[in-house]
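Worksheet for the structure shown next.
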Amino acid sequence: MSHTVLVVEDDVDIRQALIEIIEEHGFGALGAVDGADALKILSRATELPCVILLDLMMPVMDGAEFREAQRQDPRFASIPVVVLSAYRDLDRHAAHLDAVSVLRKPPSVRELVTVLRTHC
Amino acid sequence: MEITARPESSETGSPRSLEERFRALVSSVKDYAIFMLDPTGRIETWNAGAERTKGYTADEIIGQHMSRFYTPEDLARGLPAKLLGQAVRDGRVEIEGWRVRKDGTRFWADVVITALLDDRGQLMGFAKVTRDLTERLHAQEEQLRLAHAEEAVRLRDEFLSIAAHELRTPLSALQLQLQGLLERPAGVDPRIRAKLERACRSGERLVTLVDALLDVSRITTGSFSLNPSRFDLAEAVQDVVERFREHAARAGSTVTVRSEPGLEGRWDRLRIEQVVTNLLTNALKYAAGTPVEIVLSGTEHDVTLTMSDEGPGIPESEKERVFLRFERAAPMRNFGGLGLGLYVARQIVEAHGGEISLAAGRPRGAHFVIRLPRAHLVGGTG
């Protein structure tokens with residue numbers, strides 16, 4: 001398993017901040033602007049990410065649609081997903097997504113790094 | 001109005017008595033002003049409804065011109081003559097407008113003027129029926145004002161929801177950037193660290209304010225729902241108090257919790273923590289420097305949380321208002337905030353089937369009392 005995290009987030013500033021934090025803490029990071037972009041990146045990847053950090057509300061293909069497509073593709077189905085969302089009651093929103101963890105936006109750096117260390 | 005005479009042979013009597021009875025009927029009608037005009041518009045008859053509507057007695061008004069009931073604006077444009085002319089031309093005319101009573105006050109009238117012609121088609125005069133619709137007009141205006149107010153509230157809620165969502169995203173990015181700097185593995189210069197920590201705290205406050213707006217928009221749109229699980233209320237309260245330790249120290253307050261054992265129930269933990277957070281935030285803001293005490297107790301069916309401070313308290317007259325949206329007991333210029341904390345707290349408590357109130361008759365300080373049923377069939381509040 002690689003040490004690369006795929007960050008799926010439509011907001012460029014949040015995506016960039018997450019990538020920088022992840023890289024500063026010793027992981028690799030790739031960014032996708034929405035679920036469809038993430039599927040493309042996964043299809044082209046020579047090495048699959050150790051975890052996918054997934055936003056829920058995104059244009060084109062949102063988090064739930066991406067998760068559905070990911071679970072149906074045997075190549076990517078086993079990659080653990082950490083859901084990241086602004087919903088206060090995001091446990092309920094993420095319940096059906098079978099995520100290994102759910103983090104509320106903005107996550108604290110410590111909880112983010114702890115989660116990544118668990119899976120990467 | 002249409003009156004049909006019955007045959008002469010019936011018990012209604014002779015045509016003369018029928019006419020008399022018809023006159024009596026017209027003169028006793030109180031809801032309509034019904035009277036006759038001569039061909040020039042001078043008043044010839046007067047009924048009870050006319051006296052009631054316009055304020056003149058028959059003696060005062062008979063022989064006067066009907067233009068007396070018209071406003072100066074309508075007189076200036078020659079409305080009375082125009083209406084009579086239209087009634088002659090078309091047979092009748094109906095119009096709504098302001099008319100003037102004897103005492104000078106105005107009323108909104110529905111007026112029907114019918115031209116009365118003899119067998120040869122010569123004009124004998126006019127029948128005029130006037131109805132006072134002022135109350136109906138006021139009711140319609142009130143309804144319109146209410147509709148406008150409701151629309152304004154809807155637009156405000158929609159704006160709040162959009163604004164809150166739009167603010168949340170850049171705020172998250174800002175918080176991440178600040179935290180990223182603070183938590184750099186390489187470390188941060190201590191002077192910069194202090195500044196970053198202050199910036200982070202401000203960011204957290206902004207997130208809290210925006211979240212309160214989002215909660216309000218969820219409550220008003222009915223998309224606010226609960227996610228219940230079983231837990232001990234004392235543990236949740238203790239968690240919140242622990243998170244507030246630094247905040248309380250800065251406010252110069254101590255927060256103590258006294259609790260009975262076994263306060264388990266089925267509630268939405270995040271939301272219950274939010275209620276405690278909102279009350280504690282208020283206590284540390286409005287009663288800074290005084291001790292805050294939280295007491296938890298339970299019965300078989302429900303648990304009670306009271307939170308007391310020794311601050312200025314809330315006047316009796318304000319004790320219900322503070323639970324409304326955008327309301328506060330303290331003047332806005334003295335304290336920040338949106339005035340949403342207690343509103344959201346009440347919505348959450350009530351969604352759990354519970355109650356939140358301010359205890360009455362305490363000499364000083366605010367004393368909040370929350371009662372929560374241990375189990376409640378929860379759903380959306382909408």
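The values are calculated or read from the model by the stated rules, or taken from the named source; none is laboratory data. Bear in mind the structure is a predicted one, so any value in this text is a computation, not a measurement. Neighbour counts are summed over all protein chains in view; Cβ atoms, including those assigned to glycine, are modelled from backbone coordinates with ideal geometry.
Numerical summary
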quantity: Scope region B:152-179; condition at the interface with another protein chain (Cβ under 9 Å from one of its Cβ atoms) and more than 18 Å from A:Gln16 (Cβ to Cβ); matching residues; calculated: B:His165
quantity: Qualifying residue in region A:36-51 (condition: of a type in the set (Val, Ile, Thr), modelled with pLDDT of 95 or more and in contact with a helix residue (DSSP H, G or I) (Cβ under 7 Å, 6 or more places away or on another chain)); calculated: yes
quantity: Residue check, B:Arg77 of a type outside the set (A, V, I, L, M, F, W, C), over 37 Å from the mean Cα position of the chain (by Cα) and either at pLDDT below 95 or more than 16 Å from B:Lys128 (Cα to Cα) (or both); calculated: yes
quantity: Enumeration of residues in region B:109-123 that are farther than 14 Å from B:Pro39 by Cβ and in contact (Cβ under 8 Å) with a residue 24 or more places away in the chain; calculated: B:Ala109, B:Val111
quantity: Boolean, B:Gly63 is touching a residue at least 12 places away in the same chain (Cβ under 8 Å), at positive phi and in contact with a Leu (Cβ under 9 Å, 6 or more places away or on another chain); calculated: no
quantity: Matching residues in region B:22-37 - criterion: being part of a helix (DSSP H, G or I) and either in contact (Cβ under 8 Å) with a residue 60 or more places away in the chain or loosely packed, with under 13 Cβ neighbours inside 10 Å (or both); calculated: B:Phe22, B:Arg23, B:Ala24, B:Ser28
quantity: Region A:9-47: number of residues that are assigned to a strand (DSSP E or B) and crowded, with 24+ Cβ neighbours inside 10 Å; calculated: 1
quantity: Boolean, B:Leu146 is away from chain A (no Cβ under 14 Å) and surrounded by fewer than 17 Cβ atoms within 10 Å (Cβ to Cβ); calculated: yes
quantity: Selection count, region B:140-166, where residues are under 14 Å from the mean Cα position of the chain (by Cα) and farther than 30 Å from B:Thr208 by Cα; calculated: 7
quantity: Strands (runs of 3 or more DSSP E) (entirely within region B:214-285) containing at least 1 residues that are within 14 Å of chain A (Cβ to nearest Cβ) and on the phi < 0 side of the Ramachandran plot; calculated: B:229-232, B:264-267
quantity: Residue count, region B:44-56 (criterion: assigned to a loop (DSSP other than H, G, I, E, B) and within 43 Å of the chain's Cα centre (by Cα)); calculated: 3
quantity: Single unsatisfied condition, B:Arg258 versus (1) among the basic types (Lys, Arg); (2) closer than 20 Å to B:Ala283 by Cα; (3) surrounded by 15 or more Cβ atoms within 10 Å (Cβ to Cβ); calculated: (3)
quantity: Any chance A:Asp89 is out of contact with any His (no Cβ under 6 Å at 6 or more places or on another chain) and either under 24 Å from B:Gln175 (Cα atoms) or modelled with pLDDT of 90 or more (or both); calculated: yes
quantity: Matching entry among B:Arg77, B:Arg106, B:Arg120 (being touching a strand residue (DSSP E or B) at 6+ places or on another chain (Cβ under 9 Å), over 30 Å from B:Phe224 (Cβ atoms) and basic (Lys, Arg)); calculated: B:Arg106
quantity: Residues located in region B:230-255, provided they are hydroxyl-bearing (Ser, Thr, Tyr) and surrounded by fewer than 18 Cβ atoms within 10 Å (Cβ to Cβ); calculated: B:Thr254
quantity: Residue satisfying all of: in region B:5-51; among the acidic types (Asp, Glu) and farther than 22 Å from B:Asp118 by Cα; modelled with the lowest pLDDT among these; calculated: B:Glu8
quantity: When residues of region B:180-212 are limited to those that are more than 12 Å from chain A (Cβ to nearest Cβ) and within 35 Å of the chain's Cα centre (by Cα), the one nearest to B:Glu158 (Cα to Cα); calculated: B:Leu209
quantity: Of all residues in region A:1-47 being within 11 Å of chain B (Cβ to nearest Cβ) and of a type in the set (D, E, K, R), the one that is farthest from A:Val109 (Cα to Cα); calculated: A:Asp10
